[in-house]
Amino acid sequence: MTCPHCAAELRHRERPGLTCPRCRQRFALEPRNTQGLSDLRLRRAVERLGDDGRLVVTVGQLRWAFQRRGRPAALPVRRAAGRPVAPDEVDVGELVLTLVLGVLALGGVYVFVVWVRLLALAVPAGFFALALLCSAVRLVRRLVFRRRLEARWQRAEWAWQERQGALEREQREWTEPLEEHERWTAVTFRDAVVLPWREVYGDLPAGLTDGLDVEPAVQDGPAALAVLCPEWTVRVFLHANGFPERHRAVVVDRVDDLPQDLPVIVLHDASPRGHLLVVEARAARPELLVVDAGLSARTVLGAGQNAVQMYAHQKREPLAELLRRLPELTAEEYTWFEAGLWSPLAAVPPRRLMAMAERAAARALAERVPRRDSGFLSWPKSEAPR
């Protein structure tokens, strides 16, 4: 890695204790412990996501920027472990042959010891005879206790079949088994990146906020627009970049908190709940303009491997009931949601997200007649930090 202070190239053994041996200054992130993330890479990511200082980026957006992209891989179908092995049938001919060979081996031992007096040959013959006789004893035991062994195996097989049936019923009741490949959770990103950075540098890089220092905007005069967004990270992003002040917008996270007389912009994830939020907002405010400015499943599917696609393990029946309330979904979108997939709005690059919000605000303020607009967010080809 490159030292963030003196730009010296440091190998792993040259940076013990997160300290550069050249300039003797500490750095915050060890790439081997942070999935390749270093101090310089984090700073460059903040600059790139923040459009070279034009935008303030949230820690949540930075975390999603380092998330893996593309559809999660399918997991193999699970099978119940510990299936019992059926006892082998005892071959009477094998038993007779084993006994005969064992007796002959004992006879050979007797000949070598008493008549020939060759102990060197008597010892291996004795081991061979002992092994044959032990094998014969096991065969006799299996023959005598055959019914008991088969009954024991049958009980174990029934128990395994029950476990396998329960596992198959669970797999039918839940969404497709896909790999949950969230590279960074909010907790691990905070503990491995944010806290060490604060410990070394005292504060986050310029242009990055964790939301604790961002105060919601206080309207100076009557509001002209309402923004409905359940995602806290995106609401912080809007407040940190002055969106409510520029458009005299009220930002809320629930449909019940929407003002009664203002046009509405809905910002949401590409998820069944996110799409349903638009339906609920339009049902609650049928006389007002409701602009669907969120991330749609169509956009994510069009972006393919460039979009962050996550998997939520959930039961099929409640999910199907939820999807039935979204009649505008295409067959491809329905199949994507039915698999348990979704995509977070916070993973959209901040510059693209702000441009989308600005366009939605301009449209909502310019058009006061009641009508329905569809989402118009498009995903860029690739803006993942390098």
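The values are calculated or read from the model by the stated rules, or taken from the named source; none is laboratory data. This structure is a prediction, so every number in the text was calculated from the model and none was measured. Please note: Cβ atoms are built from the backbone with ideal geometry, for glycine as well, and neighbour counts cover all protein chains shown.
Does residue 361 satisfy the criteria of being touching a helix residue (DSSP H, G or I) at 6+ places or on another chain (Cβ under 6 Å), crowded, with 22+ Cβ neighbours inside 10 Å and within 19 Å of residue 276 (Cβ to Cβ)? First the steps, then the outcome.
Numbers: touching a helix residue (DSSP H, G or I) at 6+ places or on another chain (Cβ under 6 Å): yes; crowded, with 22+ Cβ neighbours inside 10 Å: yes; within 19 Å of residue 276 (Cβ to Cβ): no.
Here the answer is no, as residue 361 does not meet what is asked.
Look at region 53-89 and say how many of its residues are touching a strand residue (DSSP E or B) at 6+ places or on another chain (Cβ under 9 Å) and outside any helix (DSSP H, G or I).
12
Among the residues of region 38-52, which ones are assigned to a loop (DSSP other than H, G, I, E, B) and either surrounded by 21 or more Cβ atoms within 10 Å (Cβ to Cβ) or not assigned by TED's automatic domain parsing to the domain that holds residue 186 (or both)? Give the steps one after another, and end with the answer.
Restricting attention to region 38-52, the residues satisfying the condition of being assigned to a loop (DSSP other than H, G, I, E, B) are 38, 50-52.
If the condition is that a residue be assigned to a loop (DSSP other than H, G, I, E, B) and either surrounded by 21 or more Cβ atoms within 10 Å (Cβ to Cβ) or not assigned by TED's automatic domain parsing to the domain that holds residue 186 (or both), then 50 is the only one that fits.
Can residue 132 be described as at pLDDT 90 or above and assigned to a helix (DSSP H, G or I)?
Numbers: at pLDDT 90 or above: no; assigned to a helix (DSSP H, G or I): yes.
Spelling it out, it is not the case that residue 132 is at pLDDT 90 or above and assigned to a helix (DSSP H, G or I).
Checking the structure you have, find out if any residue of region 15-23 is more than 15 Å from residue 205 (Cβ to Cβ), in contact with a helix residue (DSSP H, G or I) (Cβ under 7 Å, 6 or more places away or on another chain) and outside any helix (DSSP H, G or I). Show your work before the answer.
First pass over region 15-23, keeping only residues more than 15 Å from residue 205 (Cβ to Cβ): 15-23.
Those still in the list that are in contact with a helix residue (DSSP H, G or I) (Cβ under 7 Å, 6 or more places away or on another chain) too: 21.
Checking the rest, the ones that are also outside any helix (DSSP H, G or I) come to 21.
Scanning region 15-23 turns up at least one residue that is more than 15 Å from residue 205 (Cβ to Cβ), in contact with a helix residue (DSSP H, G or I) (Cβ under 7 Å, 6 or more places away or on another chain) and outside any helix (DSSP H, G or I).
If I ask for residues that are charged (D, E, K, R) and in contact (Cβ under 8 Å) with a residue 60 or more places away in the chain, which ones from region 144-185 would you list? Don't jump to the end; show me each part of the working.
If we filter region 144-185 for residues that are charged (D, E, K, R), which is where we start, we get 146-148, 150, 152, 155, 157, 162-163, 168-170, 172-173, 176, 179-180, 182-183.
Residues satisfying the conditions are 150, 157, 163, 172, 173, 176, 179, 180, 182, 183.
Just wondering, is there one or more residues in region 81-99 that are modelled with pLDDT under 75, crowded, with 17+ Cβ neighbours inside 10 Å and among the hydroxyl-bearing types (Ser, Thr, Tyr)?
yes
Let me spell it out: the conditions are (1) surrounded by fewer than 17 Cβ atoms within 10 Å (Cβ to Cβ); (2) in contact with a Gly (Cβ under 7 Å, 6 or more places away or on another chain), and residue 283 meets all of them except one. Which number is the exception?
Only one criterion is unmet by residue 283, namely (2).
Residue 190 fails exactly one of the following numbered conditions: (1) at pLDDT below 90; (2) under 25 Å from residue 313 (Cα atoms). What is the number of that condition?
It fails just one condition, (1).
Suppose we filter region 196-205 for residues that are out of contact with any Ser or Thr (no Cβ under 9 Å at 6 or more places or on another chain) and surrounded by 12 or more Cβ atoms within 10 Å (Cβ to Cβ); how many remain? Working first, answer last.
So in region 196-205, the residues out of contact with any Ser or Thr (no Cβ under 9 Å at 6 or more places or on another chain) come out as 197-205.
Still in the running and surrounded by 12 or more Cβ atoms within 10 Å (Cβ to Cβ): 197-198, 200-201, 204-205.
Summing the residues that are out of contact with any Ser or Thr (no Cβ under 9 Å at 6 or more places or on another chain) and surrounded by 12 or more Cβ atoms within 10 Å (Cβ to Cβ) in region 196-205 gives 6.
For residue 213, all conditions in the list (1) farther than 25 Å from residue 248 by Cβ; (2) assigned to a loop (DSSP other than H, G, I, E, B) hold save one; what is the number of the exception?
The failed condition is (1).
Each row is one residue, and each column tells you yes or no for (1) more than 27 Å from residue 59 (Cβ to Cβ); (2) hydroxyl-bearing (Ser, Thr, Tyr); (3) out of contact with any Leu (no Cβ under 8 Å at 6 or more places or on another chain).
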| residue | (1), (2), (3) |
| --- | --- |
| 298 | yes, no, yes |
| 318 | yes, no, yes |
| 324 | yes, no, yes |
| 331 | yes, no, yes |
| 336 | yes, no, no |
| 343 | no, yes, no |
| 349 | no, no, no |
| 352 | no, no, no |
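For region 1-26, which positions are over 14 Å from residue 197 (Cα atoms) and either among the β-branched types (Val, Ile, Thr) or in contact (Cβ under 8 Å) with a residue 24 or more places away in the chain (or both)?
Passing the criteria: 1, 2, 3.
Give the residue, chosen from 187, 193, 200, 214, that is in contact with a helix residue (DSSP H, G or I) (Cβ under 6 Å, 6 or more places away or on another chain) and not hydroxyl-bearing (Ser, Thr, Tyr).
Details: 187 fails: in contact with a helix residue (DSSP H, G or I) (Cβ under 6 Å, 6 or more places away or on another chain); 193 fails: in contact with a helix residue (DSSP H, G or I) (Cβ under 6 Å, 6 or more places away or on another chain); 200 fails: in contact with a helix residue (DSSP H, G or I) (Cβ under 6 Å, 6 or more places away or on another chain).
On inspection, the qualifying residue turns out to be 214.
Cβ-Cβ below 9 Å, separation at least six or inter-chain, first residue in region 237-251 and at positive phi, second charged (D, E, K, R): which pairs?
Cβ pairs passing all conditions: 248/220.
I want to confirm something. Restricting to region 164-187 and keeping residues that are among the charged types (D, E, K, R) and surrounded by 15 or more Cβ atoms within 10 Å (Cβ to Cβ), which single residue is farthest from residue 319 (Cα to Cα)?
Among them, the one singled out is 182.
Within region 174-206, work out how many residues are assigned to a helix (DSSP H, G or I) and of a type in the set (Phe, Trp, Tyr). Steps first, please.
Taking region 174-206 and keeping what is assigned to a helix (DSSP H, G or I), we get 186-201.
Filter again for of a type in the set (Phe, Trp, Tyr), leaving 189, 197, 201.
Number of matching residues: 3.
So, in region 27-37, exactly how many residues are free of Cβ contacts under 8 Å to residues at least 40 places away in the same chain and loosely packed, with under 14 Cβ neighbours inside 10 Å?
Within region 27-37, the first condition is being free of Cβ contacts under 8 Å to residues at least 40 places away in the same chain, and the residues that meet it are 30-32, 36.
Then drop every residue that is not loosely packed, with under 14 Cβ neighbours inside 10 Å, which leaves 32, 36.
Total satisfying the criteria: 2.
Please name all residue pairs, on different chains or six or more residues apart, with Cβ atoms under 8 Å, provided the first residue is in region 56-71 and is under 21 Å from residue 339 (Cα atoms) and at pLDDT below 95 and the second residue is among the polar types (S, T, N, Q) and surrounded by 19 or more Cβ atoms within 10 Å (Cβ to Cβ).
69/309; 70/309; 71/309
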